[in-house]
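First the structure, in the form of structure tokens, and then the observations on it.
Readers should treat all values here as calculations from the given coordinates under stated rules, not as data from a laboratory. From a predicted model like this one, the values you see are computed outputs, not experimental measurements. Cβ atoms come from the backbone with ideal geometry, glycine included; neighbour counts cover every protein chain shown.
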Protein chains: 4
Amino acid sequence: MAQSRTAPDASRRNPSSRRAILAAALDLVGEVGYTKLTVEGIAGRAGVGKQTIYRWWPSKGAVLFDAFLTLNEGQDGEVQTLPDSGDLEADLKLVLRATVAELNDPRYDEPMRALSTEITHDPALAAAYAERLDGPLRQLKRERLHSAQRAGQLAEELDLDVAIEMVWGPLLNRWLHRSGPLTPEYADQVVETALHGLRPRP
Amino acid sequence: MAQSRTAPDASRRNPSSRRAILAAALDLVGEVGYTKLTVEGIAGRAGVGKQTIYRWWPSKGAVLFDAFLTLNEGQDGEVQTLPDSGDLEADLKLVLRATVAELNDPRYDEPMRALSTEITHDPALAAAYAERLDGPLRQLKRERLHSAQRAGQLAEELDLDVAIEMVWGPLLNRWLHRSGPLTPEYADQVVETALHGLRPRP
Amino acid sequence: MAQSRTAPDASRRNPSSRRAILAAALDLVGEVGYTKLTVEGIAGRAGVGKQTIYRWWPSKGAVLFDAFLTLNEGQDGEVQTLPDSGDLEADLKLVLRATVAELNDPRYDEPMRALSTEITHDPALAAAYAERLDGPLRQLKRERLHSAQRAGQLAEELDLDVAIEMVWGPLLNRWLHRSGPLTPEYADQVVETALHGLRPRP
Amino acid sequence: MAQSRTAPDASRRNPSSRRAILAAALDLVGEVGYTKLTVEGIAGRAGVGKQTIYRWWPSKGAVLFDAFLTLNEGQDGEVQTLPDSGDLEADLKLVLRATVAELNDPRYDEPMRALSTEITHDPALAAAYAERLDGPLRQLKRERLHSAQRAGQLAEELDLDVAIEMVWGPLLNRWLHRSGPLTPEYADQVVETALHGLRPRP
DNA sequence: TTGTAATCGAGACGGTACGTCATGTCTTGCG
DNA sequence: CGCAAGACATGACGTACCGTCTCGATTACAA
């Protein structure tokens, strides 16, 4: 299956250039922000020619995305499963508080906003994100919820994907649009409300 | 409160130039997308000098924001209140299905993504958004939920803001990150799940 | 008579930028040579944006050409006429020796080679050169020869343009192709040989 | 005489690559012109790696020069001597008309301009040119003039190199700088004027 | 009625970054 | 080892926009 435009030969790729580029991209997006992140800047910081970036990535966003990928693969072994103490509410609060902490961490905030923006405007990148980054994490969440479902802590007819979005959606939205303070208490509140529902207790 | 740099005199502002600029911004963001939207492009399309834009708006995002504002004020009278038939679930489904339809409408999709991106990266704009665009709408939602609360359809101790985010958050997230199909059925599912909670019915 | 591509408005042109560009071009061609002369270099040296060069000149060669033009117009008044002592041979030797000196002057050598190269490869520039730079000078030469012709020192049927090329051509060729030493003696020799012809004296 | 940088072993050189490179250089300079002639282009057209060019030639100009050399050696046997009918004027006109024809031939025009430019800016190449290309031809000219001198058709004290430049210089200049039409009549005129001199016939 | 002071369209300006192209060096794998 | 292939750091290309600026020409308020 040949490429139309003389596809570069990946076997000849210089791996240290690749690493330098991804590291530079992550560094820079944190330092100068997404809007002022430039391909020239990345190349300069990485000690690499611009062409070496354009040869292997179609866009600034793709570089950033790859940087995130390796970041996550770098920590592999770390998050293989979500905590499962048997107490779903406690476990979810734990995880969501961790998420809140990460989103509030300036080292992650700007890069993740950048990634979100790229995904927002590039469906291809969104698909890659869904498959490579969000997918595995969502699988973990699904498994934890499924375990709870088997334990009778979640409704049998519940669509787990909807459940996931109900728990994490409010958080991400508040973070992205700064529509309110992103505190551990908020995380707790969301978990409680999602589990109990909006209706009065019977 | 005087500006240091000879603040422009708003009374002398040419309203037709303003309208042309906002209209051009909306048109263009739909045509060429957020990334390729330029101040020069807006000025050219609006038949206006670049300086006329820079005189009245601090950034491209501010123009876009203003364009949305006038868009909403243009339709005023339309959404003064949310439907209140007494049946909260039905009313919410109605409203969320309308939201889904809007987000899927190509005329709104790209401009709203653009606005979202600007908000993501500009806290000042986010504040303006919270006050001028999101605020009034959220107030309507809050009122509808409050009415339901008074009718005993929602828990008394419920934080209405959390409730709002639990209902609309999943939708906005799925739209923004394209993490799944954005259908009327999904809207229904979200409403039902939010109202009942994730737990099994007792 | 409108231009097709939104011709720039010459009346708004910044004359000091123009001067800085031409001066920088002349300086740089002398310093780094024609091959390494770059538009970016000129812009940098002149403290000017690249676009300001591209706005007003179609090519690097055109800038260089303009630089020569202003150089010559700058010295106006200097060479209005060629010396006419009545002794054609002496006058020509004087002029040719001056030309030799100029061609050997490092300040002129490199820039003139650059100009020659541009003319060689760009007919449009060659036409401009013929009209604006070579033309006036050639007219002076023609006049001096015509004066000699009237004085009976040149053949009546002589084509003065051919005569001019016979006198200056050898010099320019030797200079351009370095086909031999370019000395005052050579200048004298050329004048003598051209005047007497190659044939034996009768 | 060892090179510092592991001089390539000429005996292992692939002669067919060499020929392909020289042919490609000549073809391309005619097709795209001197300015757009690139080493990559030559390598691509020749089906050769870039390194094979850089290994054997120091510069683009050297390739071009070599291409000319082989071109001339290819026609060897053709011009071993200049015509010598005894009538110098007729013979010179014949030769100069041939030169005019060659310079006007589009197959030779662009390549020769390219070579001329390289020579203009590279003294080393100019020396090589003087020795390998111009030298032999000049020797033929010198011999023909010498023959005429012996026959009493040229002045005894004449410097034959000056004479050669007086005859060919005007032609080359007019060609290179396009300072006038390059016609057979012009060739004749130059010959006549050079032989008779500018002075009136006695 | 006539300044006079602002906005306006237009667009030149010094810059930064774009994405492409060519340079000359280096590395890989074939013959 | 020469060679075809092509990745690499470098740097210039010519273009697109940035945000500032200057230029008449309207336009509206104050003298």
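May I ask for the net charge around D:SER147, where only other residues with Cβ less than 12 Å from the Cβ of D:SER147 are counted and Lys, Arg are +1 while Asp, Glu are -1?
0
Which order do the peptides A:31-38, A:87-94 take when ranked by the mean count of other beta-carbon atoms within 10 Å per residue, highest first?
A:87-94, A:31-38
Once Rh for the protein assembly as shown is found with the Kirkwood sum over Cα pairs, what is the Stokes-Einstein diffusion coefficient at 25 °C and 0.890 mPa s, in µm²/s?
72 µm²/s
Using 14 Å as the cut-off for backbone N distance, which residues of region A:103-127 belong to the label zone defined by a point 7 Å from the Cα of A:GLU73 along Cα→Cβ?
Of the residues in region A:103-127, none has backbone N under 14 Å from the label point off A:GLU73.
Which residues' amide hydrogens lie under 5 Å from the amide hydrogen of D:ALA155, considering only partners 5 or more residues apart or on another chain, with H built in the peptide plane?
HN-HN under 5 Å from D:ALA155: C:ARG199.
If I take every Cα pair under 8 Å that is 6 or more residues apart in region D:1-136, average their sequence separation and divide by the length, what percent do I get for the relative contact order?
That works out to 27 percent.
Which net charge results for the neighbourhood of B:LEU171, defined as the other residues with beta-carbon distances under 11 angstrom from its beta-carbon, given Lys and Arg at +1 and Asp and Glu at -1?
Here the charged neighbours net out to -1.
Where does region C:52-145 land on the Kirkwood hydrodynamic radius, alpha-carbon pairs, in angstrom?
Hydrodynamic radius (Kirkwood, Cα only) of region C:52-145 equals 14.8 Å.
Provide the net charge surrounding B:GLU118, with neighbours chosen by a C-beta distance below 14 Å and charges set as Lys +1, Arg +1, Asp -1, Glu -1.
That sum, taken over residues with Cβ under 14 Å, equals +1.
Could you quote the convex hull projected area for region A:1-72, Cα atoms only and averaged over all directions, in nm²?
Mean orientational projected area (region A:1-72, Cα hull): 5.3 nm².
Using a 7 Å offset from Cα along the direction of the beta-carbon, what are the separations from A:SER85 to the same position in each other copy, nm, ascending?
Ordered by distance, the counterparts are at 4.4, 11.2, 11.4 nm.
In chain B, what residue has the beta-carbon at the shortest distance from the axis of the rotation relating B to A, and what is that distance in angstrom, rounded to the whole number?
Smallest Cβ distance to the axis, with its residue: B:GLY197, 1.
Could you pull the copy-to-copy label distances for C:ALA23, with points set 7 Å along Cα to Cβ, in nm to one decimal and sorted shortest first?
Once sorted, the set of distances for C:ALA23 reads 4.6, 5.0, 5.5 nm.
So what's the convex hull volume per residue for the Cα atoms of chain C, in Å³?
Looking at chain C, the number lands at 159 Å³ per residue.
Sum -39500 (n - 2.57) across every DSSP H segment of at least 4 residues in the protein assembly as shown, then divide by the residue count to get the 222 nm mean residue ellipticity, nearest 500.
Taken over the protein assembly as shown, the calculation gives -21000 deg cm²/dmol.
Ranked by Cβ crowding within 10 angstrom, fewest neighbours first, how are B:LEU198, D:LEU171, A:LEU137 ordered?
Fewest to most other Cβ atoms nearby, the residues stand as A:LEU137, D:LEU171, B:LEU198.
B:GLU185 label points, 7 Å along Cα→Cβ, one per copy: pairwise distances from this copy to the rest in nm, shortest first?
Sorted ascending, the copy-to-copy spacings read 4.1, 9.0, 10.2 nm.
With 10 angstrom as the radius, rank C:GLU118, A:GLU156 by how many other C-beta atoms surround their C-beta, starting from the fewest.
A:GLU156, C:GLU118
How would you rank D:THR99, D:THR81, going from fewest to most other Cβ atoms within 10 Å of each one's own Cβ?
Ascending number of Cβ neighbours within 10 Å: D:THR81, D:THR99.
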